[in-house]
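Following: one structure in structure tokens, then a few remarks.
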Amino acid sequence: MKKLLWSLWALPFSVLAVEPVATTATAAAAPVASSGVAGQLTQLVLGLLLVLGLIFFLAWLLRRVQQAGPAGKGQVIELIGSRALGPRDRLMLVQVGNEQILLGLSPGTITALHVLKEPIEVPTTADKATPEFAQHLLKILGKDQKDKK
């Protein structure tokens with residue numbers, strides 16, 4: 001009985017002790033297995049580079065398509081001005097065609113507050129007043145507002 005238990009316990013180790021017979025088939029298979037791992041690794045890296053390249057190409061393409069669309073000209077609705085009333089509430093002045101509408105925005109709702117009978121003249125970007133801090137900073141740096149153009 002002891003012999004039987006000993007032989008069953010030693011059976012897995014006896015398999016490890018047996019050396020495979022070197023034949024031409026196994027000798028040829030060994031380099032294929034090692035080159036197979038290198039080939040799989042190369043294929044994995046190339047596939048990863050292909051996917052990353054595809055992602056960057058699609059991002060570039062999307063950016064180009066968005067720039068090709070109307071960039072302010074031809075827009076029917078324009079945002080004239082905006083003012084924050086609180087952390088989540090805003091007033092917005094929107095121009096649609098020749099009409100200007102004052103909108104109240106809060107989380108989940110947009111309410112038309114007033115339709116202006118006479119449109120408000122909107123100053124161009126060159127005529128906009130520079131905030132006081134920015135004017136002071138420009139003076140310190142020795143730059144004039146005329147240099148901004």
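Quick note: the coordinates plus some simple rules give every number you see, no bench work behind them. As the structure is a computational prediction, the values presented were derived from the model and not from experiment.
Quick one: which residues, 5 or more positions from G81 or on another chain, have an amide H under 5 Å from its amide H? H modelled 1.01 Å from N in the peptide plane, none for Pro or chain starts.
The list, which skips near neighbours in sequence, is L93.
I'd like the Karplus ³J(HN,Hα) series for region 40-50: coefficients 6.51, -1.76, 1.60, θ = phi - 60°, whole numbers in Hz, and an x wherever there's a Gly or Pro.
Whole-Hz 3J(HN,Hα) from phi for region 40-50: 5, 5, 4, 5, 5, 5, 5, x, 5, 5, 5.
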